[in-house]
1. Residues that are within 18 Å of the chain's Cα centre (by Cα), at least 3 per element: which strands (runs of 3 or more DSSP E) completely within region 78-169 meet that?
2. Determine which member of the set 328, 302 is more than 25 Å from the chain's Cα centre (by Cα) and either over 30 Å from residue 359 (Cα atoms) or in a helix (DSSP H, G or I) (or both).
3. Looking only at region 114-131, count every residue that is buried (at least 20 other Cβ atoms within 10 Å of the Cβ) and modelled with pLDDT under 95 and tell me the total.
4. Listed residues 160, 179, 134; which is more than 12 Å from residue 38 (Cβ to Cβ), surrounded by 20 or more Cβ atoms within 10 Å (Cβ to Cβ) and touching a residue at least 40 places away in the same chain (Cβ under 8 Å)?
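The values are calculated or read from the model by the stated rules, or taken from the named source; none is laboratory data. Bear in mind the structure is a predicted one, so any value in this text is a computation, not a measurement. No Cβ is skipped: glycine too gets one built from the backbone with ideal geometry, and neighbour counts run over all protein chains shown.
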């Protein structure tokens, strides 16, 4: 009896060791070597969105956000049954707990559509860059086309895609067409999303097949002259602005026309599409918030009516992130949940595609 017990224990230990050995037999490939999409600029660190030595972005927080990986994604093909990641983070990373902030989000092409496949995230104190976290597992061994979105509120020094030893992994030609810049506030950044691929610009990219360049700056997109200088250097086929969420009505009146003129001078003949900011649910009962929200609307509505008549290639569209019921679609009364961002994307998709069609962008 004792001998049988010892034999069983030995078999269990051997089995556990075998599983552990399988777990650590990963082939690791740097994501930037496979190729990143969603970048506005070439940068010394491929996971930075903006070279902060080239542009004087003035505010410390804007510089930090310029170095995060929001909106960046890696495309690859693999026949792996399991896919993992290992990450070396830089010093800047959000202390907030949303998984999108320090997590990756994986989609796989199936039946002509991008289907969600898996995600994983790393805690704020993560320092072991050799540790592999699985993103998806127990798949078949067919060749798969994958897109993995990178963390939206963390600086990255290295991010490796990991597949089991013996599996194939290779770069993939991008199926996304053109370049459409989305520039704006925390909404465009994707703040409060549950996963990194759920901001409204990233959903727009998957649904339309148009490549999106994500240039969201949480809380700090106020049409500043130095931000306009940076955006003037971003080359794309069209520009979509969430310009009225952060500044108050007075600042909108002060800066809007000059901002439009700078963008038009830098990008002649390109469509400049401005979005009305969404309704903030915090305005339901908070009178101060309601006044602020309505002040933004009043300023943008009146000025954009003038701008659309005065300037060619300038457009103004309405947004909606509401569920249309009494149930809230925001995480905090202002920022939408993933579902709320889906509502936002649906509200603007046809409007934007209709405008882009005029420019043979489809």
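1. Details: elements: 83-93, 103-110, 113-121, 133-136, 144-149, 154-164.
Result: 83-93, 103-110, 113-121, 144-149, 154-164.
2. Values: 328 fails: more than 25 Å from the chain's Cα centre (by Cα).
Result of the check over 328, 302: 302.
3. Qualifying residue count for the region: 2.
4. 160
One line per residue, one yes/no per condition, for (1) free of Cβ contacts under 8 Å to residues at least 60 places away in the same chain; (2) more than 23 Å from residue 146 (Cα to Cα); (3) crowded, with 18+ Cβ neighbours inside 10 Å:
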{"residue": "58", "(1), (2), (3)": "no, yes, no"}
{"residue": "80", "(1), (2), (3)": "no, no, yes"}
{"residue": "84", "(1), (2), (3)": "no, no, yes"}
{"residue": "97", "(1), (2), (3)": "yes, yes, no"}
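Per-residue answers, yes or no, for (1) without any contact (Cβ under 8 Å) to a residue 12 or more places away in the chain; (2) assigned by TED's automatic domain parsing to the domain that holds residue 43; (3) under 19 Å from the mean Cα position of the chain (by Cα); (4) surrounded by fewer than 22 Cβ atoms within 10 Å (Cβ to Cβ):
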site: 189; (1), (2), (3), (4): no, no, yes, no
site: 194; (1), (2), (3), (4): no, no, yes, yes
site: 200; (1), (2), (3), (4): no, no, yes, no
site: 267; (1), (2), (3), (4): no, no, no, yes
